[in-house]
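Any read-out appearing in this document is the output of simple, stated calculations on the displayed coordinates, not a laboratory observation. The structure displayed is predicted, hence computed values, not measured ones. Note that we place each Cβ from the backbone using ideal geometry, even for glycine, and neighbour counts take in every protein chain shown.
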Amino acid sequence: KRYSGCLFAAIMTSLLFAVVHGNLPAMMPLFILALILTLAYELTGCLWVPIAAHSLFNAIQVSLMLNIQNG
């Protein structure tokens, strides 16, 4: 961010976040999630906000998968 600017840094870290998850069909949604998490951090200056948002996202995903799996 210091050397490239906020926008470039946000895009590159979001892309890295999406790629590291290794799920090609979910690449775009993960990229968008990462942009939202980055924005949350930039607006609040607190790392706990995107951590909590990521945890909530994961919890929702797990509960949806379990509900679909169990019918």
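Worth a mention:
- For the chain, relative contact order (Cα pairs under 8 Å, six or more residues apart, normalised by length) works out to 20 percent.
- The chain shape via C-alpha gyration tensor axes, a/c threshold 1.5: oblate
- Added length on full extension, which subtracts the Cα-Cα distance from 0.36 nm per residue, H54 to A9: 14.3 nm
- Efficiency of FRET between L47 and L24 - r from beta-carbon atoms, R0 22 angstrom, step 0.05: 0.20
- Highest mean packing first, where packing is the average number of other Cβ atoms within 10 Å per residue, the peptides 19-28, 61-70 line up as 19-28, 61-70.
- Per DSSP, loop chymotrypsin sites (Phe, Trp or Tyr not before Pro) in the stretch 4-71 with at most 14 further Cβ within 10 Å: none
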